[in-house]
Amino acid sequence: MQLSITNEYDPLKIVLVHRPGEEIDRLNHENMQQFLFEDVPYLKRMQDEHDVFVSAMRARGIQVCYLEKLLSDLLDQQPDTKRKLIEQICAAEGAPALAMSLLDENLFPNNELLKVFFAGVTEAEHNEITGAPSQGSSQSSSPNFVLSPIPNAYFSRDPAVVVGQSVISCKTHNVERVRETILTRAVLEHHPDFAGHEIAYGGSSSPTEDRPFTIEGGDVIVLNEEAVLVGASQRTRAETIELLARKAFEIGHAKRFYEIPIPTERTFMHLDTVFTIVDRGLVVWYPGVMDHIQYIHHFEQAGDGKIIRKPDSRSLIQILSDEFGQEVQIVRTGGGDQHHAAREQRMDGTNTLAIAPKVACTYERNVRTIAAMEKAGIECISIAGSELVRGLGGPRCMTMPLQRRPD
């Protein structure tokens, strides 16, 4: 499988997703905010909505890869990788002793282990499986997890991102999402489908100083073959962007690197919640944030190899126009109406996924944004999202594009 992402709008050919699973049923009113959810979704309906989304992509000829299927291949075919993966997960969660029981195939055969990777395991479940004595019942309505669930895993965009022909393995802001990076990185490093490519930043063999600060894939926008735009947000640190720019220049997968600050609020957690690209020179943005960007930094490489961050004298509109080679056209969320823009931004109206030039997926509930997009000549593939949206993420959040190429 050849990885190649040189912009955000060429026809999408291969994409990675995760279908919501039993990890969603671990949520309740007591723990949902800990796990970064606004409400408790109905799993069956959530899966139905996700299946329709995947079917819409497949109907356009897109190859859809499931993270859970690729992980299953690793567990069945690569015992050394399985052992290291279990040890990494347990170490990251501060439960190294748990690795011994998870490695026992009599207790956790591979199909059950795969479920544990996503849904976690409670103390009571672990005791029942291993035959350990029960510790008694808790007064809390939330179970005591020996290994926590990862209900955000269906947001495949954040653990890793392809830039050019290389991969950025991310470091998530919230500890509740660290395992998503570990699982995705294991697949990208060890599954035979991805042999021969490079994890340029954040690979497991990289020194620890490669990843001292957080970055998530929703903040990374590939403008073209030479330029990358990264949001300094609630989830991505400016220090990481500088490190990433240095690495990008060193290996030659970018010549221009931009940093754009957005409000550090949960509602605007990533750049792609307020800004997406649907064709060359055609963008969707939330005016409540994007109309008020006051400055952008760009990075330059000094003669001694160091990276210099400098304020860019151009406006964002001028930078985008220069990078697209034409005047940028803006579609404003909610059609630009302040009330409806705020309402539909909250429902991920800006978080569109371009599957081809001027063809984009979005939630059907964002009716005014869809009307504005269609007026701009964009074909909208509208999908239901009453349950999917409860984690605060849209079609772009739910996908990790692996390959785009012109037809």
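The values are calculated or read from the model by the stated rules, or taken from the named source; none is laboratory data. All figures in this text were calculated on a predicted structure; none of them were measured in a lab. Note that each Cβ is placed from the backbone with ideal geometry, even for glycine, and that neighbours are counted across all protein chains shown.
Among the residues of the stretch 82-98, some residue qualifies, meaning at least one is modelled with pLDDT under 95, crowded, with 17+ Cβ neighbours inside 10 Å and polar (S, T, N, Q). Among the residues of the stretch 385-405, are any in contact with a Phe, Trp or Tyr (Cβ under 6 Å, 6 or more places away or on another chain), assigned to a strand (DSSP E or B) and at pLDDT 95 or above? No: zero hits. Scanning the stretch 177-205 for residues that are at pLDDT 90 or above and polar (S, T, N, Q), we see that the one that is farthest from T236 (Cα to Cα) is T184.
Within the stretch 250-263, residues that are assigned by TED's automatic domain parsing to the domain that holds T236 and touching a residue at least 60 places away in the same chain (Cβ under 8 Å) reach partners that are buried (at least 23 other Cβ atoms within 10 Å of the Cβ) and part of a helix (DSSP H, G or I) with beta carbons closer than 6 Å, at six or more positions or on different chains, in the pairs A254/A248.
For D322, the test of being in a helix (DSSP H, G or I) and surrounded by fewer than 16 Cβ atoms within 10 Å (Cβ to Cβ) is passed. Condition (residue is in contact (Cβ under 8 Å) with a residue 12 or more places away in the chain, under 20 Å from I150 (Cα atoms) and out of contact with any Ser or Thr (no Cβ under 7 Å at 6 or more places or on another chain)) applied to the stretch 54-65: is it met by at least one residue? Yes: one or more hits. Considering E300, E327, E344, the condition of being touching a Gly at 6+ places or on another chain (Cβ under 8 Å) and either surrounded by fewer than 18 Cβ atoms within 10 Å (Cβ to Cβ) or among the hydroxyl-bearing types (S, T, Y) (or both) is satisfied by E327 alone.
Listed here are the residues, each with its yes/no results for (1) of a type in the set (V, I, T); (2) more than 15 Å from the chain's Cα centre (by Cα); (3) within 30 Å of D10 (Cα to Cα); (4) assigned to a helix (DSSP H, G or I).
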residue: V116; (1), (2), (3), (4): yes, yes, no, yes
residue: A124; (1), (2), (3), (4): no, yes, no, yes
residue: V146; (1), (2), (3), (4): yes, yes, no, no
residue: R177; (1), (2), (3), (4): no, no, yes, yes
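What strands (runs of 3 or more DSSP E) completely inside the stretch 267-312 contain at least 3 residues that are without any contact (Cβ under 8 Å) to a residue 40 or more places away in the chain?
Numbers: elements: 275-279, 282-285, 297-301, 307-311.
Qualifying strands (runs of 3 or more DSSP E): 307-311.
The residue of the stretch 29-81 that is surrounded by the most Cβ atoms within 10 Å (Cβ to Cβ), among those that are under 18 Å from P395 (Cα atoms) and of a type in the set (S, T, N, Q), is Q47. Report yes if R58 is over 19 Å from I24 (Cα atoms) and part of a helix (DSSP H, G or I), otherwise no. Yes, satisfied.
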